[in-house]
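Let me begin by presenting the structure, written as structure tokens, before commenting on it.
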Amino acid sequence: MARRTVRLLIGSGEGLGLTSGRLRLAAIAFGLIYLAIVARLVQYAVAPNLDTVERVAQAVAAVSRPDIVDRNGMVLATDVKVSSLYAEPKNIIDVDEAVDLLAQALPDLNQKDLRAKLSTKKGFVWLKREISPREQVAVFRLGIPGVAFVQENKRVYPNGAEVAHVLGFADVDNKGIAGIEKYFDTSGLTAAAAAAAGQGGRMAPIHMALDIRVQHAVRDELMAGMKKFKAIAASAAIADVETGEIVSLVSLPDYDPNNPTDALKPEAINRVNVGVFEMGSTMKAMTIAMALDSGKVSLQSRFDARGNLRYGRFTIHDFHPTRRILSVPEVFIHSSNIGTARIALTMGVDAHKAFLKKMGQLDRLQTELPESARPIVPYKWGELNTITISFGHGVAIAPIQSVMGVSALVNGGWLIKPTFLQRSLEEARASGTKVLKESTSTQMRYLMRLNAEKGSAKKADIPGYRVGGKTGTAEKVIGGRYSKTKNLTAFTAVFPMDKPRYMLLVVLDEPKSLPETHGFATSGWNVVPVGGKMVERVAPLLGVAPDYDAPPANALLGGIPTGAVQE
């Protein structure tokens with residue numbers, strides 16, 4: 001009995017020892033599993049979300065834009081690498097502390113917004129894009145877990161406001177918002193640049209037709225003229241009449257594309273492409289070209305300007321009446337509204353409307369720049385409309401349409417759509433349309449040169465550069481009525497007139513009279529001298545050599561008979 005008891009006790013002890021060993025092994029196994037789970041949880045909580053961060057980093061790095069250079073290779077826009085600050089809110093240990101520290105390093109951050117961002121459970125939030133190196137060092141020294149940096153591309157415009165309205169700008173995500181930058185996105189050029197960057201390369205720069213040297217000179221003179229004549233706005237453009245390339249475009253007020261919030265100001269529009277204006281007497285060149293090209297009118301034709309022209313209850317008069325019968329050249333150099341209206345009536349309403357449409361003056365002109373404006377054209381076009389439109393009232397167009405139309409008057413009759421990218425003469429002719437006879441273009445060159453010699457463009461007759469042009473003064477429409485005190489003055493100039501190469505358009509909005517202008521605020525007293533100074537500065541830059549022995553305007557006709565001209 002006693003032995004059995006001892007055996008039982010011994011047997012029970014062996015079983016108990018075996019069971020304890022198994023329990024220990026199980027406990028160790030479960031402990032290891034638990035530690036692995038805890039370690040993984042800690043890793044997820046503290047380590048960065050590599051997938052999210054990498055995805056964002058790849059996305060911002062992929063937004064690469066091609067460099068933009070002028071026709072001579074000078075950089076107009078380029079990408080630079082900058083650091084941006086981000087956070088992984090779920091890894092922030094103490095939100096309050098992080099907000100206080102970041103607010104000290106970056107005082108421009110809104111603490112309320114910052115706290116809201118860091119209080120979420122998101123894997124990635126932007127805190128500040130495009131921070132400066134000094135700010136980056138300050139944040140780095142804080143050593144806040146869950147706060148780090150990623151590199152991305154920032155668009156930089158080295159010339160500031162000088163080319164603002166042509167280039168436009170890119171936003172903080174490096175996407176084009178306006179101007180040629182937006183065109184690059186819609187045309188696929190930005191995608192091509194991004195693809196090249198993704199393969200470790202870089203797309204070749206895009207060459208603009210612009211010449212930054214000319215752009216600087218034009219903007220400088222335009223700003224000076226705007227200030228001198230106290231105009232509320234101003235614009236200017238220079239085009240190659242043979243290719244349609246826009247060599248310069250300035251619109252004031254402008255903005256710095258490096259600080260694009262200024263572009264939101266309503267006065268900072270591109271007035272050359274987007275503004276629509278009645279161009280005044282510059283339209284007389286179109287009217288006279290129409291008549292000469294038809295063959296119904298010649299330079300020897302004469303029109304009665306002895307008295308005012310009455311049409312119903314309306315009376316058309318001349319600003320400087322001659323009170324005599326005028327030849328076509330005299331109508332042009334004296335800028336006779338009466339003579340021009342009679343020329344238009346000779347052609348008729350339908351012919352007048354058809355000619356302006358053929359010359360691209362009645363339809364929206366679209367270029368590479370996405371910004372464009374539709375002309376304001378009469379819904380019903382009768383004889384009275386033809387009368388007023390003939391001398392520049394009744395149709396409002398974008399100035400770039402005038403650039404295109406006047407270029408066609410002097411380049412042999414080719415209507416060529418303007419471009420802001422480089423284009424060869426062959427490409428221009430292939431895309432252009434012949435709209436005038438060569439002889440008509442020759443006669444228009446004569447008339448424009450004659451106007452600089454004897455007419456309203458005298459103040460732009462810079463010695464040696466054979467300038468020709470047409471002036472225009474249009475009363476602005478204020479509250480539905482023409483104002484007698486607020487004008488838009490314009491000057492279309494071409495040089496050199498013996499072999500036209502460049503066309504210049506200058507516009508001043510509401511210039512004021514000065515003592516030296518004897519109380520006048522018309523184009524011959526303000527915008528013409530501004531245009532003359534531009535020609536004097538840019539002609540040498542454009543390779544136009546002065547010729548002080550150039551023959552008079554009559555020599556341009558090559559034997560075509562002229563009408564009598566009295567000054």
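With (1) part of a strand (DSSP E or B); (2) touching a Lys or Arg at 6+ places or on another chain (Cβ under 8 Å); (3) buried (at least 24 other Cβ atoms within 10 Å of the Cβ) as the list, and residue 503 as the residue in question, which single condition is left unmet?
(2)
Restricting the search to the stretch 138-149, which residues are open to solvent by 50 Å² or more (accessible area, probe 1.4 Å) and of a type outside the set (A, V, I, L, M, F, W, C)?
Across the stretch 138-149, the qualifying residues are 141, 143, 145.
Please tell me if residue 434 is more than 25 Å from residue 271 (Cα to Cα), of a type in the set (Lys, Arg) and modelled with pLDDT of 95 or more.
Values: more than 25 Å from residue 271 (Cα to Cα): yes; of a type in the set (Lys, Arg): yes; modelled with pLDDT of 95 or more: yes.
Spelling it out, residue 434 is indeed more than 25 Å from residue 271 (Cα to Cα), of a type in the set (Lys, Arg) and modelled with pLDDT of 95 or more.
Could you give every pair whose Cβ atoms fall below 7 Å, whose first residue belongs to the stretch 101-129 and is closer than 13 Å to residue 139 by Cβ, and whose second residue is of a type in the set (Lys, Arg), counting only separations of at least 6 or pairs across chains?
Once the first residue is closer than 13 Å to residue 139 by Cβ and sits in the stretch 101-129, its partners that are of a type in the set (Lys, Arg) give 106/128; 109/128; 127/117.
Could you please let me know if residue 326 is of a type outside the set (S, T, N, Q) and within 24 Å of residue 560 (Cβ to Cβ)?
yes
Could you list, in sequence order, all residues of the stretch 220-252 that are open to solvent by 40 Å² or more (accessible area, probe 1.4 Å) and either of a type in the set (A, V, I, L, M) or on the phi < 0 side of the Ramachandran plot (or both)?
From the stretch 220-252, those open to solvent by 40 Å² or more (accessible area, probe 1.4 Å) are 220, 223-224, 227-228, 230, 232, 242; that's our starting set.
Once the filter is applied, which keeps residues that are open to solvent by 40 Å² or more (accessible area, probe 1.4 Å) and either of a type in the set (A, V, I, L, M) or on the phi < 0 side of the Ramachandran plot (or both), the stretch 220-252 yields 220, 223, 224, 227, 228, 232, 242.
Collect the residues in the stretch 234-265 that are outside any loop (DSSP other than H, G, I, E, B), farther than 22 Å from residue 530 by Cβ and of a type in the set (Asp, Glu), keeping them in residue-number order.
245, 262
Of the residues 162, 135, 130, 152, which single one is modelled with pLDDT under 90 and either crowded, with 18+ Cβ neighbours inside 10 Å or assigned to a helix (DSSP H, G or I) (or both)?
Details: 162 fails: modelled with pLDDT under 90; 135 fails: modelled with pLDDT under 90; 130 fails: either crowded, with 18+ Cβ neighbours inside 10 Å or assigned to a helix (DSSP H, G or I) (or both).
Just a single option satisfies the conditions, and that option is 152.
Yes or no, residue by residue, for (1) of a type in the set (Ser, Thr, Tyr); (2) in a helix (DSSP H, G or I); (3) in contact with an Asp or Glu (Cβ under 8 Å, 6 or more places away or on another chain); (4) open to solvent by 50 Å² or more (accessible area, probe 1.4 Å):
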{"site": "267", "(1), (2), (3), (4)": "no, no, no, yes"}
{"site": "275", "(1), (2), (3), (4)": "no, no, no, no"}
{"site": "284", "(1), (2), (3), (4)": "no, yes, no, no"}
{"site": "287", "(1), (2), (3), (4)": "yes, yes, no, no"}
{"site": "292", "(1), (2), (3), (4)": "no, yes, no, no"}
{"site": "300", "(1), (2), (3), (4)": "no, no, no, yes"}
{"site": "303", "(1), (2), (3), (4)": "no, no, no, no"}
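Those residues that are over 24 Å from residue 506 (Cβ atoms), open to solvent by 30 Å² or more (accessible area, probe 1.4 Å) and not in a loop (DSSP other than H, G, I, E, B), I need them from the stretch 374-399; list them, please.
Within the stretch 374-399, 383, 384, 385 qualify.
Give the stretch 408-440 a look and list any residue that's part of a helix (DSSP H, G or I) and open to solvent by 10 Å² or more (accessible area, probe 1.4 Å), or say none.
425, 426, 427, 429, 430, 431, 438, 439
Mind counting the residues in the stretch 165-206 that are open to solvent by 50 Å² or more (accessible area, probe 1.4 Å), part of a helix (DSSP H, G or I) and charged (D, E, K, R)?
2
So, in the stretch 506-523, of the ones that are β-branched (Val, Ile, Thr) and over 23 Å from the mean Cα position of the chain (by Cα), which residue ends up least open to solvent (accessible area, probe 1.4 Å)? Write out each step before concluding.
Looking only at the stretch 506-523, we keep the residues that are β-branched (Val, Ile, Thr), and these are 506-507, 517, 522.
Still in the list and also over 23 Å from the mean Cα position of the chain (by Cα): 517, 522.
Working: 517: 4, 522: 26 Å².
Selected residue: 517.
Which ones in the stretch 72-101 are under 24 Å from residue 190 (Cβ atoms) and assigned to a loop (DSSP other than H, G, I, E, B)?
If the condition is that a residue be under 24 Å from residue 190 (Cβ atoms) and assigned to a loop (DSSP other than H, G, I, E, B), then 72, 73, 74 are the ones that fit.
Given the conditions (1) open to solvent by 10 Å² or more (accessible area, probe 1.4 Å); (2) of a type outside the set (Ser, Thr, Tyr); (3) in a loop (DSSP other than H, G, I, E, B), report the number of the one that residue 459 does not fulfil.
It is condition (3) that residue 459 fails.
Let's see how each residue does on (1) closer than 30 Å to residue 250 by Cα; (2) in contact with a helix residue (DSSP H, G or I) (Cβ under 6 Å, 6 or more places away or on another chain):
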| site | (1), (2) |
| --- | --- |
| 322 | no, no |
| 364 | yes, no |
| 379 | no, no |
| 386 | no, yes |
| 392 | yes, yes |
| 411 | yes, no |
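Of all the helices (runs of 4 or more DSSP H) wholly in the stretch 309-358, which have at least 3 residues that are surrounded by 20 or more Cβ atoms within 10 Å (Cβ to Cβ) and of a type in the set (Gly, Ala, Ser)?
Details: elements: 328-333, 337-347, 349-358.
Those helices (runs of 4 or more DSSP H) span 337-347.
The values are calculated or read from the model by the stated rules, or taken from the named source; none is laboratory data. Everything quoted here is computed from the prediction, not taken from an experiment. Neighbour counts are summed over all protein chains in view; Cβ atoms, including those assigned to glycine, are modelled from backbone coordinates with ideal geometry. Side chains are part of the model used for accessible areas, which takes the heavy atoms of the whole protein and leaves out ligands, DNA and RNA. Shrake-Rupley method; radii C 1.70, N 1.55, O 1.52, S 1.80 Å.
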